[in-house]
1. Just the residues that are in contact (Cβ under 8 Å) with a residue 24 or more places away in the chain and among the small types (Gly, Ala, Ser), please, taken from the stretch 18-35.
2. Restricting to the stretch 1-51, name every residue that is among the β-branched types (Val, Ile, Thr) and out of contact with any Pro (no Cβ under 7 Å at 6 or more places or on another chain).
Amino acid sequence: MDPQIISWIVSLIAGSVGGNIVGALLKNKSLGPILNTVLGLVGGGVGGKLLPMLVPAIGRLVGGSESLTVTGGLSAIIVGAVLPLIVSFLKKPAAA
């Protein structure tokens, strides 16, 4: 299987895990399991693939394709967790 595809899969799964971890830890800021997963997937894709390219320090830490997958996975978890958290802060509270 192509290493790029594996890297994308790892990033997307890691992002969705990060989104659901934040939802489970911060119940009052959780957007629900489906929205946490979707935002985590988006964050994982951005965090796992684009962040290492945009931030040169992360890019220098990356050696081979295995290292890229690990670094991308870690950044995907972080961004996948942060994105649902940001959206939950921006979401207006429902009218009582």
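A short reminder: the numbers here are calculations on the coordinates, not readings from a lab. These figures come from a predicted structure and were not determined experimentally. As a convention, Cβ positions derive from the backbone with ideal geometry for all residues, glycine included, and neighbour counts pool all protein chains shown.
1. Answer for the stretch 18-35, where residues must be in contact (Cβ under 8 Å) with a residue 24 or more places away in the chain and among the small types (Gly, Ala, Ser): 18, 19, 23, 30.
2. Result: 5, 6, 9, 10, 13, 17, 21, 34, 37, 38, 42, 46.
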